[in-house]
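These notes are about the structure you will find just below.
The values are calculated or read from the model by the stated rules, or taken from the named source; none is laboratory data. This is a predicted model, so every value here is computed, not measured. Here Cβ is always computed from backbone atoms with ideal geometry, including for glycine, and neighbour counts include all displayed protein chains.
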Amino acid sequence: MPDNIINILLVEDDEVDIMNIKRAFVKNKVINPLHVAGNGVEALKYLTDLLENGEPLPRIILLDLNMPQMGGIEFLAKLRKSEGLSDISVFVMTTSNEEKDKMEAYKLNVAGYIVKPLSMDQFINAVSTLKSYWSLCEYPKGLGD
């Protein structure tokens with residue numbers, strides 16, 4: 001797999017937002033493999049299973065904050081304390097524009113905090129920007145491999 005083709009994990013419970021992100025990926029010709037987890041519990045299990053089986057980890061997580069069972073902030077806190085998972089880049093994509101949520105997310109070392117746009121065009125532009133970012137990033141060997 002070429003270096004700029006990296007696995008991405010989307011942690012999102014809203015089916016409409018999942019469809020919008022997938023649509024934005026298609027519009028932006030994003031060919032990165034995308035796995036979807038419906039909440040933090042499911043995402044941690046998925047990541048832990050990959051780690052235990054020696055399979056490639058996603059290098060990027062797109063994370064919603066408002067989810068059932070385990071919200072995004074709790075997920076982030078557990079991720080950052082998990083050996084082998086703590087270095088994954090996380091971008092928050094949420095409807096929350098609360099300063100408290102932004103502060104908590106950045107304290108947990110997120111790479112960015114994006115308030116979900118309302119229009120599809122804004123969504124497509126946000127994904128285009130993310131694609132440009134991760135396409136330019138250099139990752140050390142072994143991270144996510």
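Quick one: in region 50-69, of everything that is among the hydrophobic types (A, V, I, L, M, F, W, C) and surrounded by 17 or more Cβ atoms within 10 Å (Cβ to Cβ), which residue is farthest from E99 (Cα to Cα)? Per the stated criteria, the residue is L50. Going by what's in this entry, would L10 be described as over 21 Å from W134 (Cα atoms) and either touching a Pro at 6+ places or on another chain (Cβ under 8 Å) or surrounded by 16 or more Cβ atoms within 10 Å (Cβ to Cβ) (or both)? In short, no. Per this entry, D101 is not counted among residues that are among the charged types (D, E, K, R), farther than 22 Å from C137 by Cβ and touching an Asp or Glu at 6+ places or on another chain (Cβ under 9 Å). Given the criteria more than 12 Å from L9 (Cβ to Cβ), in contact (Cβ under 8 Å) with a residue 24 or more places away in the chain and in contact with a Gly (Cβ under 7 Å, 6 or more places away or on another chain), does L76 qualify? No.
Applying the set (1) crowded, with 19+ Cβ neighbours inside 10 Å; (2) farther than 22 Å from I21 by Cβ to V110 leaves exactly one unmet item: (2). Of all residues in region 32-39, at least one satisfies being closer than 22 Å to V127 by Cβ, among the small types (G, A, S) and at pLDDT 90 or above. Looking across region 80-101, the residues that are acidic (D, E) and assigned to a loop (DSSP other than H, G, I, E, B) come down to E83, D87, E98.
Evaluate the following for V92: is it in contact with a helix residue (DSSP H, G or I) (Cβ under 8 Å, 6 or more places away or on another chain), buried (at least 18 other Cβ atoms within 10 Å of the Cβ), within 23 Å of E42 (Cβ to Cβ) and at pLDDT below 90? For V92, the condition - in contact with a helix residue (DSSP H, G or I) (Cβ under 8 Å, 6 or more places away or on another chain), buried (at least 18 other Cβ atoms within 10 Å of the Cβ), within 23 Å of E42 (Cβ to Cβ) and at pLDDT below 90 - is not met.
Cβ-Cβ distances below 6 Å connect the following pairs, each with a first residue in region 128-145 that is farther than 12 Å from R59 by Cα and modelled with pLDDT of 80 or more, a second residue that is surrounded by 15 or more Cβ atoms within 10 Å (Cβ to Cβ) and not polar (S, T, N, Q), and a separation of six or more residues or different chains: K131/V30. Specify the residue that is nearest to the chain's Cα centre (by Cα); the eligible residues are those in region 102-135 that are assigned to a loop (DSSP other than H, G, I, E, B) and small (G, A, S). Checked region 102-135; the qualifying residue nearest to the chain's Cα centre (by Cα) is A111.
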